[in-house]
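Peer 1: If you scroll down you'll find the structure; I have some questions about it.
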């Protein structure tokens, strides 16, 4: 199919699925867009494709800066904000010939698990249950739905505690979160810098790989971007292991199954899918190893201390002086600056997290919350280091347990349940809402590469085709072992 | 915050700056130095900004301060003695019972080419909002880019203050809301500063209080790097202009331990720290130009008690006078409160120049919790030992070492040497050096050893020049009498082409605006020393002896040798600059039969 035909189909899908509220902004200059598309199409026909993603339509989560469209983070405080510069990842996509399909909806500043905390419409999953709208997951729900419904070929999201993987699992697509520091965050509006990563949402892992290969790389503008020297060190490290592992279709992988991920809250359908996948993998000759990651139980709490703490700091800049629309109320009354603007323009969930974060950083609470959470983060990282056979390439000199870990990858479900009804979210206990990230947050705390891959659930007795028919399986690997995650994903996709 | 200013008018400026920031970004992308911060850096040349041209104003201010301090001394002396001012007496009596304790936090602008975390120029005096990068304005999605070169002046400062340099330090965010703070936080070094455990020694010549004795050693707790804020300019009634050129300019904050117990010593300490920072070329300008600001912590406790009293903090003092006056006022306030049976609240207070009391800015309940958080974007800073060693070796001479050099090698008296160092922000010392080297370049090196010459230069630069300055009530400037001219005068004097009297006359002429070359003046005014013959000396002396028989008698019979000098003086006066004192004296002695 020609690129033009494919693009047309995307446009048609955008029209059809408008009510799902995946997009918040279309490309600004349609004429230019068409010209670029035409040019890419010609390159493709003449066999001069710039890259594997030349001419592909890629949607961008609206917390990633583009210069043509506004960048709002789905927040009233950035309503109408135009960034004067593009994010590095956007530049890289364009340089590879990709077309920016538009900006996608999200939970305000990335804070949420269902993409419902937005100044735009709440994002809706294409799947329904008894006719009720289901959560698309969050916070990259707009990107996930755009891909799942064929409105674009791929989308960028951001993943801080599961924000790419969870919506991928809920919408039945692939969602990849790279190792921290491999993809530039320059131009990505910070939620929690030490956890934020740019991720990729696609229909399959090979497309995800193409997009990832395009956007990764050292960026001097991002101080947390790993320099080229470190990257080649990691590559060498992984290659050495590869020689031992002799990865190929016939070689078996050692797959870890952490006990702690088999939670009480795990829905039976999810547990069944997990077991079935493991059984199939074993049939292929891979070995399954039950292991323990004891800090997992504390990981979510640590995540919900650290992420809001960083968020409270990062969002301090939205005060109505430079960013944000100044409140009509008289600012500066009662000797309190900016309170009216921030009060009026930030959403409830954002305010809640700013308060949480401000508290946990306050002089009275920091030792008990922020510092403890950082320690838990270390424990979580230590757990993974003990589990993986590949040692952490950046922590070689630090005291790791002398006992070599036993597994190459870890396989868990991405979410504990199928997507919940949107109508049930309001009633849900807020703590339960945060529980949506329980299986994804540990990898974020440890900075590990991770991917959610859909596996189909048994067809027996499922009449309604509109109901979810996949469950997301989460692949985790050692820091820097991103390629192995893709390899594992291919194996699962082929089951 | 009490300064809740509305920010109308801001949007226009910001609209402009946003555009500029957008274009600036293009140039930002080019630079990509980063990461490996632990190796020596060869950017020293980039640090020489135009600090030299701003030296005039602080001098004037310093002279004024000096004069004021002198007046204060005199006043105190009067009051200690016979003054009938009861209130002052009461105050002094109080000071006998209470001990003042002061700690300082000094913020100084580093002399760097770029900002701390962006490649924007650090020059603030350009058109407002022209030196602003995307990060400086805290654009969403922007990130800091540490400029390694800013470390060089920071290290010079820390080493000048005898600090230990931490091999690893970190940057933290200090949160508070204000319109001059685009990110809502300042990046500073709270948990792990780059330098700790320094000290500064204050001597008598540094202007410490007499009660302190000497020398006083003030320990420095830490020195940290941090960002400056934007400059707010109030446009009454309700508009504030913001200039973001200053935002992100690298500062160092120097925190002393609370070890100062006298008002004067506090300002002497600030002065000394400023002098050290300037001597090592670490800072842009001095206090009076906004290059240096101080916060002071003040407490009082009963004399003899080891426990410190509750402290208050006075923020944002921008002159030495403000440091002194505000501490004195806050001390007196605290004593008054305590003596009235009250207690001191830990609070932040403010000071406006010329006022007589500190004003409460915010109490403890309104105290900002800065919520210090390690900056998650900025990796730890590793400073290599080789860099520290290199900078330590190339550190310019510190003022205290200069003193030793002037007294031992140049033969100046300690008093003169101290004066020379402390005058005019070091400019008088520079002048001295220049005159000295100009003069020595004109004479062959085999001639007299330099200390003798240095001493002459010292005399003229300090005393002769000083006399003219105070008579004219003019601040010093090297332009008044160019160093070349001064060297010319001294060379002529030393080579016996003119007499001392003529030399002074020449200096005064140039000082008062005579632009001619010295040799031209000497010729035109016929000032060249014409050596009188022995007969002429004898004749002149004999005339005087004849006319003053009484004095001659006193000399010869009562051995009143002082009278001899009277005769020498008379001869010099009559000789119109042609009589040399030593020859006159010899002639007189000969005639009077003395030896």
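Conditions (1) out of contact with any helix residue (DSSP H, G or I) (no Cβ under 9 Å at 6 or more places or on another chain); (2) within 15 Å of residue B:267 (Cα to Cα); (3) assigned to a loop (DSSP other than H, G, I, E, B), marked per residue:
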residue: B:293; (1), (2), (3): no, yes, no
residue: B:297; (1), (2), (3): yes, yes, no
residue: B:300; (1), (2), (3): no, no, no
residue: B:305; (1), (2), (3): yes, no, yes
residue: B:309; (1), (2), (3): no, no, yes
residue: B:313; (1), (2), (3): yes, no, no
residue: B:321; (1), (2), (3): no, yes, no
residue: B:325; (1), (2), (3): no, yes, no
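Peer 1: What about residue B:346, is it touching a strand residue (DSSP E or B) at 6+ places or on another chain (Cβ under 6 Å), in contact (Cβ under 8 Å) with a residue 12 or more places away in the chain and not in a strand (DSSP E or B)?
Peer 2: In short, no.
Peer 1: Further question on the same structure: Spot the failing condition for residue B:378; the list is (1) assigned to a loop (DSSP other than H, G, I, E, B); (2) in the same structural domain as residue B:496 (by TED's automatic domain parsing), and only one is missed.
Peer 2: Residue B:378 satisfies all of (1) assigned to a loop (DSSP other than H, G, I, E, B); (2) in the same structural domain as residue B:496 (by TED's automatic domain parsing) except (2).
This table checks each residue for (1) touching a residue at least 12 places away in the same chain (Cβ under 8 Å); (2) closer than 18 Å to residue B:435 by Cα; (3) under 37 Å from the mean Cα position of the chain (by Cα); (4) not assigned by TED's automatic domain parsing to the domain that holds residue B:426.
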site	(1), (2), (3), (4)
B:480	yes, yes, yes, no
B:483	yes, yes, yes, no
B:504	yes, yes, yes, no
B:514	no, no, yes, no
B:547	no, no, no, yes
B:569	no, no, no, yes
B:578	yes, no, no, yes
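Peer 1: Only one of (1) under 18 Å from residue A:361 (Cβ atoms); (2) not assigned by TED's automatic domain parsing to the domain that holds residue B:312 is not met by residue B:392, so which one is it?
Peer 2: Unmet condition: (1).
Peer 1: Out of curiosity, is residue A:162 crowded, with 24+ Cβ neighbours inside 10 Å, in contact with a helix residue (DSSP H, G or I) (Cβ under 6 Å, 6 or more places away or on another chain), modelled with pLDDT of 95 or more and under 18 Å from residue A:475 (Cα atoms)?
Peer 2: yes
Peer 1: Hey, another quick one. If you scan segment B:327-356, which residues turn out to be farther than 17 Å from residue B:309 by Cβ and surrounded by 12 or more Cβ atoms within 10 Å (Cβ to Cβ)?
Peer 2: Within segment B:327-356, B:350, B:351, B:355 meet the criteria.
To keep it simple, each residue is scored yes or no on (1) buried (at least 18 other Cβ atoms within 10 Å of the Cβ); (2) under 30 Å from residue B:184 (Cα atoms); (3) not assigned by TED's automatic domain parsing to the domain that holds residue B:402.
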position: B:195; (1), (2), (3): yes, yes, yes
position: B:204; (1), (2), (3): no, no, yes
position: B:222; (1), (2), (3): yes, yes, yes
position: B:240; (1), (2), (3): yes, yes, yes
position: B:252; (1), (2), (3): yes, yes, yes
position: B:272; (1), (2), (3): yes, no, yes
position: B:276; (1), (2), (3): yes, no, yes
position: B:280; (1), (2), (3): yes, no, yes
position: B:291; (1), (2), (3): yes, yes, yes
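Peer 1: Please pick out the residue among B:217, B:262, B:245, B:281 that is over 23 Å from the mean Cα position of the chain (by Cα) and either closer than 23 Å to residue B:299 by Cβ or more than 14 Å from chain A (Cβ to nearest Cβ) (or both).
Peer 2: Residue meeting the stated conditions: B:245.
Peer 1: Against the condition part of a helix (DSSP H, G or I) and either assigned by TED's automatic domain parsing to the domain that holds residue B:102 or out of contact with any helix residue (DSSP H, G or I) (no Cβ under 9 Å at 6 or more places or on another chain) (or both), how does residue B:218 come out, does it pass?
Peer 2: For residue B:218, the condition - part of a helix (DSSP H, G or I) and either assigned by TED's automatic domain parsing to the domain that holds residue B:102 or out of contact with any helix residue (DSSP H, G or I) (no Cβ under 9 Å at 6 or more places or on another chain) (or both) - is not met.
Peer 1: Something else now. Residue pairs, Cβ under 8 Å, 6 or more apart or interchain, first in segment B:400-420 and surrounded by fewer than 18 Cβ atoms within 10 Å (Cβ to Cβ), second not in a helix (DSSP H, G or I). List them.
Peer 2: Listed pairs, sorted by first residue: B:405/B:397; B:407/B:413.
Peer 1: Now a separate question. Does any residue of segment B:136-150 turn out to be modelled with pLDDT of 95 or more, more than 14 Å from chain A (Cβ to nearest Cβ), in contact with a strand residue (DSSP E or B) (Cβ under 9 Å, 6 or more places away or on another chain) and crowded, with 24+ Cβ neighbours inside 10 Å?
Peer 2: The answer is yes; a qualifying residue exists.
Peer 1: Oh, and also: Give segment B:158-193 a look and list any residue that's more than 13 Å from chain A (Cβ to nearest Cβ) and in contact with a helix residue (DSSP H, G or I) (Cβ under 7 Å, 6 or more places away or on another chain), or say none.
Peer 2: Those that are more than 13 Å from chain A (Cβ to nearest Cβ) and in contact with a helix residue (DSSP H, G or I) (Cβ under 7 Å, 6 or more places away or on another chain): B:159, B:160, B:161, B:165.
Peer 1: Quick check: anything in segment B:230-240 without any contact (Cβ under 8 Å) to a residue 60 or more places away in the chain, touching a strand residue (DSSP E or B) at 6+ places or on another chain (Cβ under 7 Å) and outside any strand (DSSP E or B)?
Peer 2: yes
Peer 1: Hey, among the residues in segment A:64-80 that are touching a helix residue (DSSP H, G or I) at 6+ places or on another chain (Cβ under 6 Å) and closer than 16 Å to residue A:324 by Cα, which one's surrounded by the most Cβ atoms within 10 Å (Cβ to Cβ)?
Peer 2: A:73
Peer 1: Turning to a different aspect of this structure: What number of residues within segment A:342-387 are facing chain B (nearest Cβ under 10 Å), in a helix (DSSP H, G or I) and at pLDDT below 95?
Peer 2: 1
Peer 1: From the residues in segment A:316-341 that are assigned to a loop (DSSP other than H, G, I, E, B) and on the phi > 0 side of the Ramachandran plot, which one is modelled with the lowest pLDDT?
Peer 2: A:332
Peer 1: Hey, can you tell me all the residues within segment A:56-76 that are at the interface with chain B (Cβ under 10 Å from one of its Cβ atoms) and more than 21 Å from the chain's Cα centre (by Cα)?
Peer 2: Across segment A:56-76, the qualifying residue is only A:67.
Peer 1: Every residue in segment A:180-204 that is more than 10 Å from chain B (Cβ to nearest Cβ), in contact (Cβ under 8 Å) with a residue 60 or more places away in the chain and within 20 Å of residue A:101 (Cβ to Cβ), please.
Peer 2: A:183, A:198, A:201, A:204
Peer 1: Give me the residue from segment B:377-399 that is within 14 Å of another protein chain (Cβ to nearest Cβ) and buried (at least 19 other Cβ atoms within 10 Å of the Cβ) and, out of that set, farthest from residue B:426 (Cα to Cα).
Peer 2: Going through the qualifying residues, I end up with B:377.
Peer 1: Has segment A:265-272 got at least one residue that is more than 15 Å from the chain's Cα centre (by Cα), crowded, with 22+ Cβ neighbours inside 10 Å and closer than 17 Å to residue A:492 by Cβ?
Peer 2: Among the residues of segment A:265-272, at least one is more than 15 Å from the chain's Cα centre (by Cα), crowded, with 22+ Cβ neighbours inside 10 Å and closer than 17 Å to residue A:492 by Cβ, which makes the answer yes.
Peer 1: Residue check, residue A:226 against (1) loosely packed, with under 14 Cβ neighbours inside 10 Å; (2) part of a loop (DSSP other than H, G, I, E, B), all met but one. Which one?
Peer 2: Result: residue A:226 passes all but (1).
The values are calculated or read from the model by the stated rules, or taken from the named source; none is laboratory data. If you're wondering where the values come from, they're calculated on a predicted model, not measured in any experiment. All Cβ positions, even for glycine, are placed from backbone atoms using ideal geometry, and neighbour counts span all protein chains on display.
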